[in-house]
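The values are calculated or read from the model by the stated rules, or taken from the named source; none is laboratory data. Everything quoted here is computed from the prediction, not taken from an experiment. Reconstructed Cβ throughout: ideal geometry from the backbone, glycine too, with neighbour counts over all protein chains shown.
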């Protein structure tokens, strides 16, 4: 291999032999080849590091496709035997659903979800007590029970019994010396539409070692 070939294969601009430089083009291209070799070494170390992780390990990144030896966590079905046997041995059938074909298992679907640690039942939500639980919703509408006990003040003006207007707030005076509760209500407000329940988020891909 001529000097500069390794660098050129990496897309590094090499020095043509026709260049008249004080430092020979062979010396420059040998240095560029060394850089190309270091790039290969770094990539090899990264690949080796990923390979050391046990099957079932989940990683995240901004790559568009899963790294070598990994599958994206997208809820897909994989064969239990063959290529993905080690992954199946690690995670089993805990992510399977009603559509999982015979002889296959389902990987977790992490799309659109954050991760939380496994927790005992004492934490109050049973979905946190088993791997693969999917608690939480994107939007929520409050119920009357969740709204909390509260009151609304009512200011109203009615015609008194003896022909004059009196102002009432809550329980007020009706007429001359006669008291009683007001029956005035408030206009309805609100529509019960769901509101956003999502924390500030940045989107990544997640992948599973097989």
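Applying a threshold of 6 Å to beta carbon distances and a minimum spacing of six or more residues, or different chains, the list of pairs starting in region 71-86 at a residue that is farther than 16 Å from residue 56 by Cβ and ending at one that is crowded, with 18+ Cβ neighbours inside 10 Å reads 77/106. Apart from one condition, residue 99 fits all of (1) assigned to a helix (DSSP H, G or I); (2) farther than 24 Å from residue 200 by Cα; (3) free of Cβ contacts under 8 Å to residues at least 60 places away in the same chain; the exception is (1).
Residue count for region 35-88 under the criterion of being at pLDDT 85 or above and in contact with a strand residue (DSSP E or B) (Cβ under 8 Å, 6 or more places away or on another chain): the result is 30.
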